[in-house]
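Asks: Would you mind keeping the following structure in view while I ask a few things?
The values are calculated or read from the model by the stated rules, or taken from the named source; none is laboratory data. Just so we're clear, the structure is a prediction, and the values are computed from it rather than from any experiment. Here the Cβ positions follow ideal geometry from the backbone for every residue, glycine too, while neighbour counts run over all protein chains shown. We work out accessible area using only protein heavy atoms, side chains counted, and drop any ligands, DNA or RNA first. Shrake-Rupley method; radii C 1.70, N 1.55, O 1.52, S 1.80 Å.
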Amino acid sequence: MNTSSPPSALKDQADSRHLVKGIAVGLLAASIGALYTVYARWGIAHGLSSPDLTVMRFGVAGILMLPVLALAFWRDVAQFTTRWRVWLSVALLAGTPFGLLMFGALQFAPSSHAAVFPFTAMSVMGMVLGAVVLGESMTVRRVLGIAVVLSGLVLVSGLEASSLTRRAAMGDAMFLAAGTLWAGFGIVLRKHRLDPLLATAVISISALLTYVPAYAWFTGGDGLVKAAPFVLWVEVLVQGVIAGAGTLYTYSKMVSLLGPSRAAVFPALAPGLAALMAWPVLGHVPSIPETIGLLLVMTGLMLAVTTSTHSRSKA
């Protein structure tokens, strides 16, 4: 008597395992995003600037990832020489240009816009590019889920119509561009089946070699030199170790498990989770709109992520 499971049942079981694991990794990625957001505000309140925090994120992560990249070169240098265009794309999409757009946008738009516009682009463009490039299905349920997520983001951020000025529009355009770059990063990861840890190493080290020298040239590192030692080391741990390497790796891993269009929804959880984490760290008590917004984001995320896994993938 043959008791083996049919291929379709085995595929469904594998899809379910990938979904559960992907959701777990996605929640971890969103939690890391919330953590570094809260401690960025904490660091700024203690005298650091956004460039100071960014250089710690890129610099520490780059140094940590040097052994990973060196080992990969030693084992198989051909994977870099034959696919250099792919690795260059990864570095450009999620490295220094992304960081400069996010930081530069804050010079024009208020911080409330940073909780809406980048994640709007990540979610929408992740879905659109996933459908166009990879053939992933754009279902009504997924579109509805993303719409609910975006509604929740507006509540979490406290976005007001009066803040939508001509000057803010410049920053919003930069936020949207940054979110689009991040969505494109997910597409490249999935299309070329890149290793999450190696992708993290390439991005981190490319930023180490580009952003860090530029920071040193323009600022002289004064912000880091003047920072209190306790503040500096807390931010090294949070921004450099946990966020710098952790954000890239968990997002890359999530893309490999869920695909880029579903993975792009999870970062939208970060602003709501940050509102909760800010309570013990910054003394900020989440408001009713923030709480409702977080619940809406979670509801929309589950709608978007738990849609059918079947797709017309071209990869």
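Asks: Just need a number here: residues in the stretch 155-191 that are open to solvent by 60 Å² or more (accessible area, probe 1.4 Å) and at pLDDT 80 or above.
Replies: 7
Asks: When both residues are 6+ apart or on different chains and their Cβ atoms are under 8 Å apart, which pairs have a first residue that lies in the stretch 87-115 and is modelled with pLDDT under 85 and small (G, A, S), and a second that is surrounded by fewer than 20 Cβ atoms within 10 Å (Cβ to Cβ) and not in a helix (DSSP H, G or I)?
Replies: S112/G158; S112/L159; S112/E160; A114/L106; A115/L159
Asks: Which residues, taken from the stretch 149-168, are in a helix (DSSP H, G or I) and free of Cβ contacts under 8 Å to residues at least 40 places away in the same chain? Spell out how you get there, then give the answer.
Replies: Filtering the stretch 149-168 for residues in a helix (DSSP H, G or I) gives 149-157, 161-163, 166-168.
Once the filter is applied, which keeps residues that are in a helix (DSSP H, G or I) and free of Cβ contacts under 8 Å to residues at least 40 places away in the same chain, the stretch 149-168 yields A161, S162, R166.
Asks: Spot the failing condition for S204; the list is (1) without any contact (Cβ under 8 Å) to a residue 60 or more places away in the chain; (2) in contact with a Gly (Cβ under 6 Å, 6 or more places away or on another chain); (3) of a type outside the set (A, V, I, L, M), and only one is missed.
Replies: All conditions are met except number (1).
Asks: Does I146 satisfy the criteria of being touching a residue at least 60 places away in the same chain (Cβ under 8 Å), open to solvent by 20 Å² or more (accessible area, probe 1.4 Å) and β-branched (V, I, T)?
Replies: no
Asks: Just a yes or no: is a residue in the stretch 121-128 open to solvent by 20 Å² or more (accessible area, probe 1.4 Å) and either under 15 Å from the mean Cα position of the chain (by Cα) or on the phi > 0 side of the Ramachandran plot (or both)?
Replies: Here is the first cut: in the stretch 121-128, the ones open to solvent by 20 Å² or more (accessible area, probe 1.4 Å) are 124-125, 128.
Checking which are either under 15 Å from the mean Cα position of the chain (by Cα) or on the phi > 0 side of the Ramachandran plot (or both) leaves us with 124-125.
Yes, there is a match, as at least one residue in the stretch 121-128 is open to solvent by 20 Å² or more (accessible area, probe 1.4 Å) and either under 15 Å from the mean Cα position of the chain (by Cα) or on the phi > 0 side of the Ramachandran plot (or both).
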